[in-house]
Amino acid sequence: MRRTDSGMNQRGASTDSDSFVDDFDGPALDEKIWFPHYLPQWSSRAKTAASYRVADSLLVLDVPIDHNIWCEGLHQPPIRVSGMQSGTFSGPLGSTIGQQPFAGHPTVMEEQDSFRGLLVTGGRVEMRAAMTLSPRSMAALWLVGFEDEPQRCGEICVAEIFGRSIGNDSDTVTVEVGMGVHPFRDPELVEDFATPRVSIDPTRFHDYAVVWRKEDATFLIDGVEHHRSRTLPRYPLQLMLAVFDFPEWSDGTDGDLVPELAVDWIRATADL
């Protein structure tokens with residue numbers, strides 16, 4: 001795990017030789033750790049700035065109704081997103097070098113300075129969060145390679161929840177929670193992703209975690225294991241946190257809905 005200087009800073013994050021904790025108790029986002037944009041190299045920092053607030057010991061990401069379409073005209077389906085990441089990297093303007101390229105092989109529209117706020121190489125990463133989602137929205141925490149080398153691009157998805165998967169089963173709220181590994185362009189990985197239906201209400205606070213060891217990774221919700229993967233990236237990963245809106249999924253009556261992801265804390269513990 002790469003860390004900042006040890007100790008508690010004035011923005012609510014603390015680090016030591018073994019762990020990182022951000023409980024969002026400070027008055028502002030800790031921008032030594034978090035870059036409040038979503039993959040700006042394919043667009044610009046101005047057009048990818050997150051909508052968020054830090055208050056009442058929470059980080060709240062939301063997507064207002066007038067929020068920009070991300071990479072409008074290029075990414076399909078159209079999405080609006082408020083996201084932040086604990087690292088960023090891109091090649092020069094006009095190149096195709098950058099994190100998480102999407103279909104169509106985009107080129108860098110705005111070169112980004114390399115930023116390594118927090119990179120993890122194993123251990124436990126967890127988030128306590130609640131979500132306000134509609135059938136057209138989604139929220140997630142995932143880890144991706146820094147991609148300073150193109151093949152270092154694999155993903156460990158800690159939790160991914162689509163509002164349209166929320167349902168009731170005998171008066172119990174259930175939801176599908178995506179978790180697992182996506183290889184993307186890493187030839188050493190294979191797809192190992194699951195979407196178990198879990199008896200939780202995502203509008204209430206729950207703990208979502210991955211425990212990432214040398215031999216495997218286990219994915220847990222409130223301490224209960226729901227998936228295990230033995231195909232894992234072997235390089236540093238950055239944290240990605242975001243809430244998404246998919247306008248094409250609208251039923252025509254939901255244009256005023258604002259999805260939110262409220263995070264109580266995020267923790268990362270060094271290699272186990």
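Numbers below:
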item	result
Meets criteria (exposed (fewer than 15 other Cβ atoms within 10 Å of the Cβ) and within 17 Å of Ala268 (Cα to Cα)) for Thr96	no
Matching residues in segment 237-263 - criterion: being more than 18 Å from Pro135 (Cα to Cα) and either buried (at least 23 other Cβ atoms within 10 Å of the Cβ) or free of Cβ contacts under 8 Å to residues at least 12 places away in the same chain (or both)	Leu237, Gln238, Leu239, Leu241, Val263
Residue within segment 54-62 that is buried (at least 17 other Cβ atoms within 10 Å of the Cβ), touching a strand residue (DSSP E or B) at 6+ places or on another chain (Cβ under 9 Å) and either among the hydroxyl-bearing types (Ser, Thr, Tyr) or not in a strand (DSSP E or B) (or both) present	no
Some residue of segment 109-119 being within 21 Å of Ala217 (Cα to Cα) and either open to solvent by less than 10 Å² (accessible area, probe 1.4 Å) or not small (Gly, Ala, Ser) (or both)	yes
In segment 25-60, the residues that are in contact with a Gly (Cβ under 7 Å, 6 or more places away or on another chain) and under 26 Å from Ser90 (Cα atoms)	Asp30, Lys32, Ile33, Trp34, Phe35, Tyr38, Gln41, Trp42, Ala50
Identity of the residue in segment 147-161, crowded, with 22+ Cβ neighbours inside 10 Å and either outside any loop (DSSP other than H, G, I, E, B) or touching a residue at least 60 places away in the same chain (Cβ under 8 Å) (or both), that ends up farthest from the chain's Cα centre (by Cα)	Gly154
Index of the failed condition, Leu93 passing every other in (1) in a loop (DSSP other than H, G, I, E, B); (2) among the hydrophobic types (A, V, I, L, M, F, W, C); (3) within 14 Å of Leu241 (Cβ to Cβ)	(3)
Strands (runs of 3 or more DSSP E) within segment 182-233 that include 1 or more residues surrounded by 19 or more Cβ atoms within 10 Å (Cβ to Cβ) and touching a strand residue (DSSP E or B) at 6+ places or on another chain (Cβ under 9 Å)	206-212, 217-221, 224-229
Filtered residues of segment 72-95 (kept if within 15 Å of Pro150 (Cα to Cα) and not aromatic (Phe, Trp, Tyr))	Thr88, Ser90, Gly91, Pro92, Ser95
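The values are calculated or read from the model by the stated rules, or taken from the named source; none is laboratory data. None of the values given here were measured: they were computed from a predicted structure. Every residue, glycine among them, receives a Cβ derived from its backbone with ideal geometry; neighbour counts consider all protein chains shown. Just so you know, the surface numbers come from the protein's heavy atoms only, side chains and all, with ligands and any DNA or RNA stripped out. Shrake-Rupley method; radii C 1.70, N 1.55, O 1.52, S 1.80 Å.
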